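The values are calculated or read from the model by the stated rules, or taken from the named source; none is laboratory data. This is a predicted model, so every value here is computed, not measured. Virtual Cβ from ideal backbone geometry, glycine too; neighbours counted across all protein chains shown.
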Amino acid sequence: MALLLFLVLAIGIRPGFLEFPSGVRLVGGPHRCEGRVEVEWKGQWGTVCDDGWRMEEVAVVCRELGCGQAKSSPSGLLYSSSTENMPNILIQTVDCRGMEDTLAQCKLEDVFDCSREEAAGASCENPESVRLVGGPTHCEGRVEVQHQGQWSTVCNTGWNLRAAKVVCRQLGCGRALLTHKQCNKASQGQGPIWMSQISCSGQEAALQDCHLGLWEKNNCTHDEDTWVECEGAFELRLVGGDSHCSGRLEVLHRHVWGSVCDDGWGEKEDQMVCKQIGCGRSLSSSNKARKSYGPGVGRIWLDDVRCSGEEQSLEQCRHRFWGYHDCTHKEDVAVICSE
């Protein structure tokens, strides 16, 4: 017990918050290296209070995420349209020297007096070597890679869905939906064509991990530029309730919020939703909750969702293809969480 108390005092956290956060991410920014700081603790994602938040802490976050140099420490409010949709604060104070490899190595203090309006943010360099341009979001567009400090296009010779999966994963987007063999005239690139003859297994973490042909050694023209479409970063919300932790479930797809059908939906799926939005555990069955919030309108995006309980987000659960269902809005899922 004495040793445990010594460790608690040494790392600067109070009893009740003895486990280190198991992950960190930046949410709501223009790319994965800028946004509101969120940490994962006991399977729940939450924000960090900006009390004492400095460039030293930002530097550690940037290092942990592989995002290059720290640029600034903006307010987390810049990356959320409403504090009601933000997860709970999980850490009150972070004290880093700036040389740590992970945020968990810094001194951490449990929450005792902090509101969502005080969420911390971080802005790092964006060292990504691949991007999608010319589309409506960063998850759809013409494939470009950076080589020798210059961005330019990728020839579609050898390109397939496996390569598209790698790009979508690398950019923090959802699943690859479509890979066009070529762009139309309006979306073609200019300048050099750096890469062709790409061969990916689909499991690589980044495009540069695939087998690549020789840089700038190809006979391609911009008529053969590659276009990729990914699902957007997976977002969900509960609407119509007293807080963001209760209501009818909606998911965002193609910039449109839509509901989820309750076919096959059960306790594991309820718990997954509450966990993902940082609202504790489910308090009520979906059947009861659905009667409380009524039917939705518009699109029904998901049906036959099946979770094993081991997934980290609803996106990883099994479900039909987006928009395919045999439901009406009388079957919309609703969830009540413990908050």
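So here's what we get for this one:
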{"quantity": "Given (1) crowded, with 23+ Cβ neighbours inside 10 Å; (2) touching a Ser or Thr at 6+ places or on another chain (Cβ under 9 Å), number of the condition Trp41 does not satisfy", "calculated": "(1)"}
{"quantity": "Residues of region 129-138 satisfying the condition of being surrounded by fewer than 19 Cβ atoms within 10 Å (Cβ to Cβ) and not aliphatic (A, V, I, L, M)", "calculated": "Ser129, Arg131, Gly134, Gly135, Pro136, Thr137"}
{"quantity": "Search result, residues across region 311-339 that are under 23 Å from Ser243 (Cβ atoms), modelled with pLDDT of 85 or more and crowded, with 18+ Cβ neighbours inside 10 Å", "calculated": "Asp332, Val333, Ala334, Val335, Ile336, Cys337"}
{"quantity": "Residue count, region 268-297 (criterion: at pLDDT 70 or above and in a helix (DSSP H, G or I))", "calculated": "11"}
{"quantity": "Condition check for Val297: loosely packed, with under 15 Cβ neighbours inside 10 Å, of a type in the set (A, V, I, L, M, F, W, C) and either within 21 Å of Cys139 (Cβ to Cβ) or in the same structural domain as Trp41 (by TED's automatic domain parsing) (or both)", "calculated": "no"}
{"quantity": "Boolean, Ser308 is at pLDDT below 85 and in a loop (DSSP other than H, G, I, E, B)", "calculated": "no"}
{"quantity": "Residue match in region 6-14 (condition: on the phi < 0 side of the Ramachandran plot and at pLDDT 85 or above)", "calculated": "no"}
{"quantity": "Selection status of Glu84, part of a helix (DSSP H, G or I), surrounded by fewer than 20 Cβ atoms within 10 Å (Cβ to Cβ) and at pLDDT below 85", "calculated": "yes"}
{"quantity": "Test: residue in region 92-100 that is exposed (fewer than 15 other Cβ atoms within 10 Å of the Cβ) and either over 21 Å from Leu26 (Cα atoms) or touching a helix residue (DSSP H, G or I) at 6+ places or on another chain (Cβ under 7 Å) (or both)", "calculated": "yes"}
{"quantity": "Condition check for Glu224: farther than 25 Å from Gly278 by Cα, outside the structural domain of Lys275 (by TED's automatic domain parsing) and at pLDDT 80 or above", "calculated": "yes"}
{"quantity": "Members of region 252-266 found to be closer than 20 Å to Thr137 by Cα and either modelled with pLDDT under 90 or surrounded by fewer than 16 Cβ atoms within 10 Å (Cβ to Cβ) (or both), listed by number", "calculated": "Leu252, His253, Arg254, His255, Val256, Trp257"}
{"quantity": "Unmet requirement for Asp270, which otherwise passes all of (1) under 30 Å from Ala163 (Cβ atoms); (2) within 22 Å of the chain's Cα centre (by Cα)", "calculated": "(1)"}
